[in-house]
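S.K.: Starting off with a structure, shown below.
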Amino acid sequence: MSGTKIFWGQITVVFLIVLIFIWSGTQWTAWRLGFQPQLGPAWFDLYGIPVYYPPALFWWWYFCDAYAPRIFMEGGIIAASGGFLAIAIAILMSVWRAREAEDVETYGAARWAKPDEVREAGLLSSDGVVLGKLGEDYLRHNGPEHVLCFAPTHSGKGVILVWTCPGSFPVRFSC
């Protein structure tokens, strides 16, 4: 699985863990308070059990803490434990994602060509701009594509790439 898929899966799993634990804390608190009408209307009923909005715990806690502080503390502990579990899961999934990154090369998919790939690319011909050397053979490019030569100032770029006539060796070539 790619690192990106694991990343989005990680975000989804962490979000769901936090949501489930907050909702569990809300439902626990409502159950401990006997589903009193003072809690407000339920979101929906599931087989006769009122189900409240997940963040309702925090609203109730703010307005009703003085009436049942221990019960709200229990609900808060349930909700907060989801955060701690989510952090642990996020770390584990980050390690998993990092291990997937071992397959990635430092420079993306770029790599050095193998000798047979060099031959297939036509870089061993006798014409073209000299790019370098592979064993005893000069690597040359003789296509319509551009060739970029970069090196420090005064390192001989101009001298190396000067041609005496098309198809001949450059005036000077150093490896």
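S.K.: Restricting attention to the stretch 11-19, does a residue exist that is in a helix (DSSP H, G or I) and farther than 25 Å from A90 by Cβ?
M.R.: No: the stretch 11-19 contains no residue that is in a helix (DSSP H, G or I) and farther than 25 Å from A90 by Cβ.
S.K.: Tell me whether the stretch 55-74 contains one or more residues that are of a type in the set (D, E), assigned to a helix (DSSP H, G or I) and more than 33 Å from the chain's Cα centre (by Cα).
M.R.: Yes: the stretch 55-74 contains one or more residues that are of a type in the set (D, E), assigned to a helix (DSSP H, G or I) and more than 33 Å from the chain's Cα centre (by Cα).
The rows are residues; the columns are (1) in contact with a Pro (Cβ under 8 Å, 6 or more places away or on another chain); (2) at pLDDT 90 or above; (3) in the same structural domain as A80 (by TED's automatic domain parsing); (4) among the hydrophobic types (A, V, I, L, M, F, W, C).
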position	(1), (2), (3), (4)
I11	no, yes, yes, yes
W23	yes, yes, yes, yes
R32	no, yes, yes, no
F35	yes, yes, yes, yes
A42	yes, yes, yes, yes
P54	no, yes, yes, no
Y62	no, yes, yes, no
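Yes/no per residue for (1) exposed (fewer than 11 other Cβ atoms within 10 Å of the Cβ); (2) within 30 Å of G25 (Cβ to Cβ):
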site	(1), (2)
W60	no, yes
A66	yes, yes
R70	yes, yes
I77	no, yes
K114	yes, no
V118	no, no
L124	no, no
P144	yes, no
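S.K.: Here is a further query. Can you find, within the stretch 103-140, the residue that is nearest to G158 (Cα to Cα) among those that are modelled with pLDDT of 85 or more and of a type in the set (D, E)?
M.R.: This residue is D137.
S.K.: Can you tell me which residue within the stretch 147-175, out of those that are exposed (fewer than 10 other Cβ atoms within 10 Å of the Cβ) and under 22 Å from K114 (Cα atoms), is modelled with the highest pLDDT?
M.R.: L148
S.K.: Has the stretch 1-8 got at least one residue that is under 30 Å from R99 (Cα atoms), at pLDDT 95 or above, part of a helix (DSSP H, G or I) and not charged (D, E, K, R)?
M.R.: No, the stretch 1-8 has no match at all.
S.K.: Exactly one condition in (1) under 30 Å from the mean Cα position of the chain (by Cα); (2) farther than 30 Å from P37 by Cα is false for G83; which is it?
M.R.: Among (1) under 30 Å from the mean Cα position of the chain (by Cα); (2) farther than 30 Å from P37 by Cα, the lone unmet condition for G83 is (2).
The values are calculated or read from the model by the stated rules, or taken from the named source; none is laboratory data. As the structure is a computational prediction, the values presented were derived from the model and not from experiment. No Cβ is skipped: glycine too gets one built from the backbone with ideal geometry, and neighbour counts run over all protein chains shown.
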